[in-house]
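Quick notes on the structure that follows.
The numbers here are math on the coordinates, done by the rules we state, and not lab data. All values reported here derive from a predicted model rather than from experimental measurement. Backbone-built Cβ (ideal geometry, glycine too); neighbour counts: all protein chains shown.
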Amino acid sequence: MLGSIVGDIIGSVYEWNRIKTTKFPLFQDNSDYTDDSVLTIATAYSILNNVPYAQSYKDFSRRYPCRGYGGSFQGWIMSETLEPYNSWGNGSAMRVGPVGFAYETVKEVLEQAKRSAEVTHNHPEGIKGAQATALSIFLARKGNDKETIRKEISKRFSYDLNRTVEEIRPDYHFNESCQKTVPEAIVAFIDSDDFEHSIRLAVSLGGDSDTLACITGGIAEAYYKQVPYEIEDKVMVMLPEDFIRILQLFKKQYITQNIKLT
């Protein structure tokens, strides 16, 4: 799950200053966590404590305001309702990473991804984006190779993953939908040589950079088995103590026992 947060922080400065190259500094003075990290942590909290996803998303978003929440989600946060608003936005995919690490069967992963999405993003594309992201993480941590992941996600979700970052990048632009974010983030992972390279590829697409890199980072952590220590050290000092505590608890309960170093 740390990989998702790393991607969010690295991509944060390029969300509105988009670039089309992998040659950029990983961290800058204004690098910071956004709503992607807040809600990823909220998902982990729900799993750890058996708390409904909607409750955690509201609680954490209110405790950590002004982190780039979308307009519809901001309205939902501040309302008293728990009713979803039929979104197909990529918010459902960027927060689902912990689901892919915590559950042990495809059925459980798909069901929990759906539950995490539909409290706000109950549009079929919003649910699909969350499920595709969580299943990619699950398959990666279970030791499947990239071609198996590509075929499985393409078959289940009808995403076009037979493209490369080099082919996508020239005409790609900012897009906040699941259907135009999740496939591209998965391709960035598939094309990568290591964890850092995956993040660089995701940001280099020149889109919704923090969310692209957040999605890619979760899959890459599961596949490559570890976030490089020098990157982890940079990120951990940027996070609130509450986030660090949840990260440590989640790692102890799920990631350490699920990821076997090769």
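Put in line by how crowded their Cβ is, counting other Cβ atoms within 10 Å and starting with the fewest, Phe138, Phe27 read Phe27, Phe138. When His121, His197, His173 are sorted by how many other C-beta atoms sit within 10 angstrom of their C-beta, beginning with the fewest, the order is His173, His197, His121.
With the charge dipole of the chain set up from +1 on Lys and Arg Cβ and -1 on Asp and Glu Cβ about the Cα centre, the Cα lying farthest toward the positive end among the listed residues Ile199, Thr211, Ser46 is that of Ser46.
Beyond 19 Å, how much of the Cα-Cα pair distribution for the stretch 9-101 remains, as a whole percent? Display every interim value, and only then the final one.
Details: 1970 of 4278 pairs.
Result for the distance tail: 46 percent.
Taken as Cα centroids, the stretch 204-259 and the stretch 63-123 sit 18 Å apart, rounded to the nearest whole angstrom.
Note on Lys20: lysines with a C-alpha under 30 Å away, same-chain residues under 8 apart excluded, are Lys128, Lys146, Lys151, Lys155, Lys180, Lys225, Lys234.
Reported to two decimal places, what Rg/Rh ratio describes the stretch 1-57 when computed on Cα atoms with Rh from the Kirkwood expression? Reported Rg/Rh, Kirkwood definition of Rh: 1.10. Remark: the stretch 120-190 carries a charge dipole of roughly 340 debye about the Cα centre, counting +1 on each Lys and Arg Cβ and -1 on each Asp and Glu Cβ. Give me log10 I(q)/I(0) at q = 0.17, 0.18, 0.19 Å⁻¹ for the stretch 21-160, Debye formula, one equal scatterer per alpha-carbon, no solvent. Those come out to -0.94, -1.03, -1.10, one per q. Taking springs between alpha-carbon atoms closer than 10 angstrom, which of Pro98, Pro240, Pro124 fluctuates most in the Gaussian network model of the chain? Highest fluctuation of the listed residues: Pro240. Rg/Rh, computed from the Cα trace of the stretch 110-262 with Rh as the Kirkwood radius, has the value 0.95. Each of Met1, Met238 was scored by other Cβ atoms within 10 Å of its Cβ. Arranged with the fewest first, they read Met238, Met1.
Quote the relative contact order of the chain in percent (integer), defining contacts as alpha-carbon pairs under 8 Å separated by 6+ residues. So the answer I get is 29 percent. In this Cβ point-charge picture (+1 for Lys and Arg, -1 for Asp and Glu), the stretch 2-258 has a dipole of about 500 debye about its Cα centre. Normalised by residue number, the volume inside the convex hull of the Cα atoms of the stretch 174-234 is 70 Å³ per residue. Expressed as a whole percent, how much of the Cα-Cα distance distribution for the stretch 2-258 exceeds 30 Å? Of all Cα-Cα pairs in the stretch 2-258, 16 percent lie more than 30 Å apart.
Between Lys155 and Asp29, the FRET efficiency from the beta-carbon distance, with R0 = 41 Å, is close to 0.40.
Build a GNM of the chain with springs between Cα atoms under 10 Å apart, and of Asn50, Asn17, Asn122 the one that fluctuates most is Asn50. Taking Lys128, Lys58, Lys107 as the candidate residues, the one with maximal mean-square fluctuation in a Gaussian network model of the chain, Cα springs under 10 Å, is Lys107. Per-residue ellipticity at 222 nm, computed for the chain from helices alone with -39500 (n - 2.57) per DSSP H run of at least four residues, works out to -17500 deg cm²/dmol.
For Ser177, the residues whose amide H sits under 5 Å from its own are Asn90, ignoring neighbours fewer than 5 places away on the same chain, with H placed 1.01 Å from N.
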